[in-house]
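Single-structure report; data block below.
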Amino acid sequence: MNTTAIPLSHPELPAWWRSVARVPDFVALMKPRVMALAVFTAIVGLAIAPGHRDPLLAAIAILGIAVGAGAAGALNMWYDADIDAMMARTARRPIPRGRISRAEALVFGLVLAGGAVTTLALAVNIQAAALLAFAIFFYIAVYTAWLKRGTPQNIVIGGAAGALPPVIGWAAATGEIGLEPLILFLIIFLWTPPHFWALSLNRSDDYARAGVPMLPVVAGRATTTRQILIYSALLVPISLLPWALGFAGTIYGAAAAVCGALFVVLAVRLHRASEGDRQAPQRLFAFSIVYLFALFAALLAGSAGNQRAAMLSARAAPTVVAWAEPESVATTVRTARNSTNLIGDEI
């Protein structure tokens, strides 16, 4: 008896379901962990800014900064898709895996960037929108397209883009740039090289294979660890400036001193470690993330405490007036009446 095999056809999934299934890939395209750090530092910049903040506008500002950071991540992956496919650390990203095409990533990134900048310009202020647009441009055109493949100082100069979120947050709250956010910018700017060089020490083979001239590839481990130590030492006094200048309290000052000392100790140990020691750079890299979060969390906690103190003072003010001496109140009323009469005479 002859039997004929009948092939079973698998039903094709609906288009809407296929689109939903790709959402995690588009989220990964936005580099959510990097985006989270940028958003957190932007929140701190906005929170410590002087003046009253409308909750709705603050939420719109943070959302715009988050979307802008995601746009930068998507455009970075679009441009770097060729070298991402060569490195073990990045080979699982959506474009090298074929989950998203380069054209889709480009369109996605441009739409996000345009939407974020436009939202800030229309709903918040033009200064914050301009800073966000500059940060995206600098990260893609200057760092990704030029510096990353052209110089071992790529991280040093390119770190300016990642240091801008607290400045954008401050500008969203005030419409201007002050000394305080510039110091926060400088802290992140000096933190970036030791953070990324510590990571690249254990990934130098990856970078060499992709043709990216990271400092460990070009100059070797000894030079890289020495540079990490120099930047770590410079970071400590700069990180204490918010406390020294009075816009951060004792909690922040203690956190900056303790965390800065630990940062330098780990940098010294890395510099003294043997060539094959992979734990020393990994420890410094992991601690550098904790370091930045701890510093900015301490700033945020101090800002929240100052706001509570201001609210309590404002609530207590009417009580002080109510318990003032009758003669003082009467004098104040007479002075106000006399002032009104003088104005009337002038008119």
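The values are calculated or read from the model by the stated rules, or taken from the named source; none is laboratory data. Because the structure is a prediction, the values reported are computed rather than measured. Virtual Cβ from ideal backbone geometry, glycine too; neighbours counted across all protein chains shown.
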Which is touching a residue at least 60 places away in the same chain (Cβ under 8 Å), touching a Gly at 6+ places or on another chain (Cβ under 6 Å) and either surrounded by fewer than 23 Cβ atoms within 10 Å (Cβ to Cβ) or assigned by TED's automatic domain parsing to the domain that holds Asp54 (or both), of Pro152, Pro166?
Pro166
Selection from segment 215-244 of residues that are surrounded by fewer than 19 Cβ atoms within 10 Å (Cβ to Cβ), closer than 15 Å to Val265 by Cβ and small (Gly, Ala, Ser)
Ala233
For segment 169-190, what are the residues that are farther than 14 Å from Ser239 by Cα, among the hydrophobic types (A, V, I, L, M, F, W, C) and buried (at least 24 other Cβ atoms within 10 Å of the Cβ)?
Trp170, Ala171, Ala172, Ala173
Scanning segment 51-107 residue by residue, those charged (D, E, K, R) and buried (at least 20 other Cβ atoms within 10 Å of the Cβ) turn out to be Asp80, Asp84, Arg93
Only one residue in Val264, Val212 is more than 26 Å from Ala61 (Cα to Cα), aliphatic (A, V, I, L, M), surrounded by fewer than 20 Cβ atoms within 10 Å (Cβ to Cβ) and not assigned by TED's automatic domain parsing to the domain that holds Ala36. Which one?
Val264
Residues being closer than 17 Å to Arg203 by Cα, touching a residue at least 12 places away in the same chain (Cβ under 8 Å) and not charged (D, E, K, R): count how many of those fall in segment 274-287.
5
What do you reckon, is Ala161 among the aliphatic types (A, V, I, L, M), part of a loop (DSSP other than H, G, I, E, B) and surrounded by 22 or more Cβ atoms within 10 Å (Cβ to Cβ)?
no
Which numbered condition trips up Ala103, out of (1) small (Gly, Ala, Ser); (2) without any contact (Cβ under 8 Å) to a residue 24 or more places away in the chain; (3) outside any helix (DSSP H, G or I)?
(3)
Kindly check whether there is at least one residue in segment 52-62 that is touching a residue at least 40 places away in the same chain (Cβ under 8 Å), more than 22 Å from Ile188 (Cα to Cα), outside any helix (DSSP H, G or I) and within 21 Å of the chain's Cα centre (by Cα).
yes
